[in-house]
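Q: The structure is given below, and queries will be raised subsequently.
The values are calculated or read from the model by the stated rules, or taken from the named source; none is laboratory data. What you see is a predicted model, and the numbers here were worked out from it, not measured in a lab. Here the Cβ is made from the backbone with ideal geometry for all residues, glycine too, and neighbour counts use every protein chain on show. Surface accessibility is based on the protein's heavy atoms, side chains included, excluding ligands, DNA and RNA. Shrake-Rupley method; radii C 1.70, N 1.55, O 1.52, S 1.80 Å.
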Amino acid sequence: MRFDQPTAPHARPLVSVPVVMRRVLFALVPAMLCHTWYFGPGLLLNFALTAAAALLTEASVLRLRGRPTRYAVRDCSALVTAALLSFALPPFVPFWIPLIGGAIAITLAKQLYGGLGKNLFNPAMVGYVFLILSFPVQMTQWLPPRMGDLDYRPLSVGEHVAYVFTGQLPDDLDIDAVTRATPLDIVKEGLRAGRPFAEIRGGSLFGDFGGRGWEWVANFIALGGLYLLYTGTIRWHIPTTFLSGLLVPATVLYLIDPSAYPDPGFHLFSGATMLGAFFIATEPVSAAGTDRGRLIYGAGIGLLVYALRTWGAYPDGVAFSVLLMNGTVPLINRYTRPRIYGQR
Amino acid sequence: MVDYVFERHLSGGILLPANKTASTAGPIQRGFVPTKLVLALRQHRGNAAEPVVAVGERVLKGQTVATAGAAPSAAVHAGSSGWVRSIEERPVLGGHGVQPSLCVVIETDGRDERVPAAAAPSWPTDHVAQRAAIRAGGIVGLGGAVYPTADKLTTPVPVETLIVNGAECEPYISCDDMLMRENAADVVSGTLLLTEVLGAPRAIIAIERDKPQAMEAIEIAAHAANDQRLKLAEVPTIYPAGGEKQLVELLTGEEVPSGRYPGEFGYVCQNVGTAYAVQRLRAEREPLIARVVTVTGGGVKKPQNVEVPIGTPIAELIAYCGGYNEGVARLIAGGSMMGYSLPDDDTPITKATNCIIAALAEEVRTEMHEWPCIRCGDCAMVCPSRLLPQDLLVAAVASDFAALHTLGLQDCIECGCCDVICPSQIMLTERFRIAKRSVAVRQPIPVTSPGQD
């Protein structure tokens, strides 16, 4: 009897790229539902539009590059980029914002570098930064959470969808009546104006830890992150040092002057902290590749997030911090190689 | 009476589905005599044995058919009585795959007639003569490397510890487990004999945690032997805990430097099967003519462990185990991680063959698509040599010899952990094997970047 002769190992691989990507998407589902409960259909619309743009550009650029598309489109990596980008976008933006963001993320950050596995920078964050620099007005159209403000007249789903695709608001509303600043924004402006943090936190948009609603989305993102840790999809190094890098200076400065600096809990549950720690900084392609390197990389992002939030021009700093640390990865990798077994 | 219990003291490694229970359900089948024996004269690194029989001659069970050549080498013996039909080149699985090798082909006569016990010399008392007897007995390391045992018993420095390897970490293989369960006293006696020959102050029999029955049997035998030098160690069930350097790391916390052997640092590793073979030689004057082989996989009707005469054609062994099941897709000599796939079942069982897996398609990797590397680093996490396979891959594709050296290509033990954990399903180990061969001859490395289709 004759047999085929592939080389060892013969054991089947335990996991595959599409399985990893689907786990990441699955881990985001609870947070998506929570976000939708608090902020309306914006996130789902954003996800649908970024995903469509991402998949379409991925396929078209691959075709232009003369590369086969069947595995690349089915590996779900473009969908993960789209999902992360849609979490970063305000939930109330015209349809062309997510379309441009998805297309830029895939072409500029991923395919121009050679596609899956070749990007130096996190594609979702490149897409986000491109949008916030190009369209600062639209990119600050955040909504208040459900029941966040008693004076607030919430939009119906139909009115929301109508705005996204036509730009038309109901006659009795203008854009300023619909959108609200985010808790991070309010804190930043308030502190700049010299108001004590405790007074700012007393506002109706604030909850137990961070912003009302936002803190629950953050909780569900953290839950998804724990699922990724449990399944071995991500490892503990980056989330742990990211959160420590943010929380240690936050705690120290809060203890020194609690009126001028937000408490560490607020930092933990506000903005993109959880998304950054568990889903964005852990994106393997653009992150450091060694265990020790990942500790440094995560800590660097955490510290930068704190610095940018506290002294920077933008209210949050996760995207810029991740991209800055992406740039240091080759250096980190070079100096953190583990000692090989049996070598000095 | 287990002396040491190790939790985890190993770099990397991976927990794999064991697939061992199918072959451990029943006892070792003994007394199997095939119709033909194909005895390869070179079954190990080093020098081939030199035939001392002529075509047409009748040989008896245990008779020397080839004596050891210049060291390192080991003699070859007939596993049953019969007639020498030819001395010719035949395809045999060696260290570099299936290659033609000079073989003594014996047609057995079914009488299984032994060399008279009186004809065998008595067991010598001094260590030099004992080593010579082990060499003449054709005994080699039965863990897979088949290095001639006598040559491994001569070390450049005094031996501190003899490590007897009963870890058997690779999936599917259970021959050492079953041997320890059934012949624990002989394994212990053989261990003490090797300890004696080495002059070692300490011997450790290391067994993986997933073999409680083997451990219990060895415990009882060790208790009966009552020798202070003998220690038992339970090691974690993790692949590749049974690798020689990995086991040294596990048991001593020490690392064998790159490119060196444990023997240079006072550690000698022997497989439990080797210890058993040495004891058989001393007690029964029986040279190495048979070994326990695990025959398993979904493609064979009766998975079991069989004591197989060396030289048995694999086809006859499979027939003895009930034949193939429908859908058998691959024949592997060794385990699923480091075993060789065989082109056909005509090749013989050698001293190195610890396991034959007749695998169904769903048991083995058949889908050969690779995604691009996503740099997740899981390969580095499982690498027992603490290499960065993802970086080695890039250096290999670029034929960057300097980077390959810095990144430690030469320290890759080809265990296959990185392949199995890789979500991009990249065939890393095969690329590293090709890279090693190319580096040796300073040629560009003919490997491609994954994810090109």
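Q: Report which residues of the range A:313-344 become buried by 20 Å² or more of accessible surface when going from the isolated chain to the complete set of protein chains (1.4 Å probe; DNA, RNA and ligands ignored).
A: A:333, A:337, A:338, A:339, A:340, A:341, A:342, A:343
Q: Same structure again: Counting every Cα pair in chain B, what percent are over 27 Å apart? Kindly include the intermediate steps, with their values, before the conclusion.
A: Values: 55357 of 102378 pairs.
That tail contains 54 percent of the Cα-Cα pairs.
Q: Please label the shape of the range B:103-181 as rounded, prolate or oblate, based on the square roots a ≥ b ≥ c of the eigenvalues of the alpha-carbon gyration tensor (a/c under 1.5 means rounded; beyond that, a/b larger than b/c means prolate, else oblate).
A: Details: a/c = 2.05, a/b = 1.14, b/c = 1.80.
The shape class here is oblate.
Q: Here's another thing I want to ask about it. Roughly how big is chain B's charge dipole about its Cα centre, with Cβ charges of +1 (Lys, Arg) and -1 (Asp, Glu), in debye to the nearest 20? Could the numbers behind the result be given before it?
A: Numbers: 39 positive and 51 negative charges, 164 e Å.
Here chain B has a charge dipole of around 780 debye.
Q: Can you pull a Stokes-Einstein diffusion coefficient for the protein assembly as shown at 20 °C (1.002 mPa s), Rh from Kirkwood over Cα pairs, as a whole number of µm²/s? Don't skip to the end; give the middle numbers.
A: On the way: Rh = 29.8 Å.
The calculation lands on 72 µm²/s.
Q: Sticking with this one: Return the distance in nm (one decimal) between the two label points of a simple spin-label model at residue A:70 and residue A:52, each offset 7 Å from Cα along Cα→Cβ.
A: Each label point lies 7 Å from its Cα, and together they span 2.7 nm.
Q: Among A:293, A:94, A:5, which residue has its Cα furthest toward the positive end of the charge dipole of chain A, with +1 on Lys/Arg Cβ and -1 on Asp/Glu Cβ?
A: Comparing the listed Cα positions along the dipole, A:5 ranks first.
Q: For an R0 of 51 angstrom, estimate the FRET efficiency from the Cβ-Cβ distance between residue B:55 and residue B:405 and round to the nearest 0.05.
A: Details: r = 50 Å, r/R0 = 0.97.
Efficiency, rounded to the nearest 0.05: 0.55.
Q: Separate question: So what is the relative contact order of chain A, in percent, for Cα pairs below 8 Å that sit 6 or more residues apart?
A: Values: 517 pairs, mean separation 59.3, N = 344.
Contact order relative to length: 17 percent.
Q: Follow-up. If you count only protein heavy atoms and use a 1.4 Å probe, how large is the accessible surface of residue B:427, to the nearest 10 Å²?
A: Only protein atoms counted, so the area is about 50 Å².
Q: GNM on chain A, C-alpha springs below 10 Å: top fluctuator among A:71, A:128, A:230?
A: Result for chain A, Cα springs under 10 Å: A:71 fluctuates most.
Q: Using only Cα atoms, what is the ratio of the radius of gyration of the range A:167-257 to 2.2 N^0.38 Å? Can you show the working numbers first?
A: Numbers: Rg = 17.7 Å, N = 91, 2.2 N^0.38 = 12.2 Å.
Ratio of Rg to 2.2 N^0.38 Å for the range A:167-257: 1.45.
Q: In a shell of Cβ-Cβ distance under 9 Å around residue B:450, excluding residue B:450 itself, what net charge do Lys and Arg (+1) and Asp and Glu (-1) give? Show your work: numbers first, answer last.
A: Working: positive: B:431; negative: B:370.
Its environment carries a net charge of 0.
Q: Return the equivalent ellipsoid semi-axes of the range B:1-123 as a descending list in whole Å, where each equals the square root of 5 times an eigenvalue of the C-alpha gyration tensor.
A: Values: eigenvalues 233, 85, 64 Å².
Here the semi-axes work out to 34, 21, 18 Å.
Q: Of the options B:172, A:333, B:189, report the single residue whose Cα projects farthest towards the positive end of the charge dipole of the protein assembly as shown (beta-carbon charges: Lys, Arg +1; Asp, Glu -1).
A: A:333
Q: Enter the per residue convex hull volume of the range B:338-452, computed from alpha-carbon coordinates, in Å³ rounded to the nearest integer.
A: Values: hull volume 15.6 nm³, N = 115.
Value for the range B:338-452: 135 Å³ per residue.
Q: Still on this model: Residues with beta-carbon under 15 Å from that of residue A:51, excluding residue A:51: net charge, scoring Lys, Arg +1 and Asp, Glu -1?
A: Charge balance near residue A:51 sits at +1.
Q: Right, something else. Return one quarter of the surface area of the convex hull spanned by the alpha-carbon atoms of the range B:239-302, equal to its mean projected area, in nm².
A: Spelled out: convex hull of the Cα atoms, projected over all directions, averaged, 7.3 nm².
Q: Could you grab the relative contact order for the range A:205-340? Cα pairs under 8 Å, six or more apart, rounded to a whole percent.
A: Here the relative contact order equals 28 percent.
Q: With an 8 Å cut-off on Cα pairs and a minimum separation of 6 or more residues, tell me the relative contact order of the range A:1-160 in percent.
A: Details: 185 pairs, mean separation 39.8, N = 160.
Relative contact order, the range A:1-160: 25 percent.
Q: Next question, about the same structure. At 7 Å along Cα-to-Cβ for each site, give me the label-to-label distance between residue A:166 and residue A:259 in nm.
A: With each label placed 7 Å out from Cα toward Cβ, I get 5.2 nm.
Q: Another question, if that's okay. Sort A:96, A:37 from largest to smallest accessible area, using a 1.4 Å probe on the heavy atoms of the protein chains.
A: Numbers: A:96 80, A:37 135 Å².
Descending order: A:37, A:96.
Q: Ratio of Rg to Rh for the range B:132-279, alpha carbon only, Kirkwood? Don't skip to the answer; put the middle values down first.
A: Working: Rg = 13.9 Å, Rh = 15.0 Å.
In the range B:132-279, Rg relative to Rh is 0.93.
Q: Rg to Rh for the range A:1-130: what is it, with Cα atoms only and Rh by Kirkwood? If you can, show how the numbers build up before the last one.
A: On the way: Rg = 17.3 Å, Rh = 15.7 Å.
Rounded to two decimals, Rg over Rh is 1.10.
Q: May I ask you to rank B:210, A:172 by accessible area, largest first, using a 1.4 Å probe over the protein chains only? Before the final figure, lay out the partial values.
A: On the way: B:210 60, A:172 100 Å².
Largest accessible area first, the list is A:172, B:210.
Q: Which value in deg cm²/dmol, rounded to the nearest 500, describes the helix-derived mean residue ellipticity at 222 nm for chain A, given -39,500 (n - 2.57) per DSSP H run of n ≥ 4 and division by the residue count? Don't skip to the answer; put the middle values down first.
A: Values: 15 runs with 195 residues, N = 344.
That comes out to -18000 deg cm²/dmol.
Q: Diagonalise the Cα gyration tensor of the range A:194-237 and give the resulting equivalent ellipsoid semi-axes, square root of 5 times each eigenvalue, largest first, whole Å. Can you show the working numbers first?
A: Details: eigenvalues 202, 26, 5 Å².
After diagonalising the Cα gyration tensor, the semi-axes are 32, 11, 5 Å.
Q: Where the eigenvalues come from the Cα gyration tensor of chain A, what are the semi-axes √(5λ) of the equivalent ellipsoid, largest first, in whole Å?
A: 35, 27, 17
Q: If the viscosity is 0.692 mPa s and the temperature 37 °C, what Stokes-Einstein diffusion coefficient in µm²/s follows for the range B:246-358 when Rh is the Kirkwood radius over Cα pairs? Mind dumping the intermediate values first?
A: Working: Rh = 16.0 Å.
For these conditions, the coefficient is 205 µm²/s.
Q: Right, something else. Under a Cβ-only charge scheme (Lys and Arg +1, Asp and Glu -1), can you give me the dipole magnitude of the protein assembly as shown about the Cα centre, in debye to the nearest 20? Don't skip to the end; give the middle numbers.
A: Numbers: 66 positive and 71 negative charges, 251 e Å.
Taking the Cα centre of the protein assembly as shown as origin, the dipole is about 1200 debye.
Q: What value in Å³ per residue do you get for the convex hull of the alpha-carbon atoms in the range A:257-334?
A: Cα-based convex hull of the range A:257-334, divided per residue, equals 93 Å³.
Q: What does the charge count around residue B:393 come to, taking other residues whose C-beta lies under 14 Å from its C-beta (Lys +1, Arg +1, Asp -1, Glu -1)? Intermediate results must be reported in sequence, preceding the final value.
A: Numbers: positive: A:118, B:375, B:431, B:433, B:436; negative: B:370, B:378, B:391, B:400, B:419, B:430.
Local net charge: -1.
Q: Comparing A:153, A:22, A:292, which has the greatest mean-square fluctuation in the GNM of chain A with Cα pairs linked when under 10 Å apart?
A: A:153
Q: Rounded to the nearest 20 debye, what is the charge dipole size of the range A:193-344 about its Cα centre when +1 sits on each Lys and Arg Cβ and -1 on each Asp and Glu Cβ?
A: Working: 11 positive and 8 negative charges, 147 e Å.
Computed charge dipole of the range A:193-344: roughly 700 debye.
Q: Find the lysine pairs in the protein assembly as shown meeting two conditions, Cα atoms under 20 Å apart and a separation of 8 or more places or different chains, and report how many there are.
A: For the protein assembly as shown, the number of qualifying lysine pairs is 12.
Q: In addition: How would A:110, B:36 line up by accessible area, probe 1.4 Å, largest first? Show your work: numbers first, answer last.
A: Numbers: A:110 5, B:36 70 Å².
Order by accessible area, largest first: B:36, A:110.
Q: OK, next. Of B:26, B:4, B:52, whose Cα points farthest to the positive end of the dipole of the range B:1-57 (charges on the beta-carbon: +1 Lys, Arg; -1 Asp, Glu; origin at the Cα centre)?
A: B:26
Q: Can you pull out the trypsin sites (Lys or Arg not before Pro) in the range B:263-324 whose DSSP state is coil and whose Cβ has at most 14 other Cβ atoms within 10 Å? If you can, show how the numbers build up before the last one.
A: On the way: sites: B:280, B:282, B:285, B:291, B:301; in loops: B:285, B:301.
Those that pass, being in a loop and sparsely packed, are B:301.
Q: Would you mind giving the total buried accessible surface between chains A and B, with a 1.4 Å probe and ligands, DNA and RNA left out, rounded to the nearest 100 Å²?
A: Numbers: alone 17230 and 18740 Å², together 31200 Å².
The summed interface area works out to 4800 Å².
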